[in-house]
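Below is one structure, written out as structure tokens; the observations come after it.
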Amino acid sequence: MMTIVIAFHQSGYRDLKTYYIHFVCRYLTNKFPKLVNYTRIFKIMQGVLVLLCYYLTHLSDKVDKGRLR
């Protein structure tokens, strides 16, 4: 799910629903064979955003300290 969220933010789509329905469900089903419907994605997103913020903060700390390689 985090991969889909990150790809959405880099995609240029304006909203997640359009991105998910028109791109992910059409073109990425081979990469994500167990896709769920959009309503379920919306519920999952709440937990994913917390994890994503943690990951980005951790990554930012590495960049600030010059350890990212």
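The values are calculated or read from the model by the stated rules, or taken from the named source; none is laboratory data. Given the structure is predicted, the values throughout are model-derived calculations rather than measurements. All Cβ positions, glycine included, derive from the backbone under ideal geometry; neighbour counts span all protein chains shown.
Can you tell me which residue within the stretch 1-34, out of those that are modelled with pLDDT of 90 or more and of a type in the set (S, T, N, Q), is farthest from Gln46 (Cα to Cα)?
The selected residue is Asn30.
So which residues in the stretch 24-38 are more than 18 Å from Leu51 (Cβ to Cβ) and out of contact with any helix residue (DSSP H, G or I) (no Cβ under 7 Å at 6 or more places or on another chain), if there are any at all?
Cys25, Arg26, Tyr27, Leu28, Thr29, Asn30, Lys31, Pro33, Lys34, Asn37, listed by residue number.
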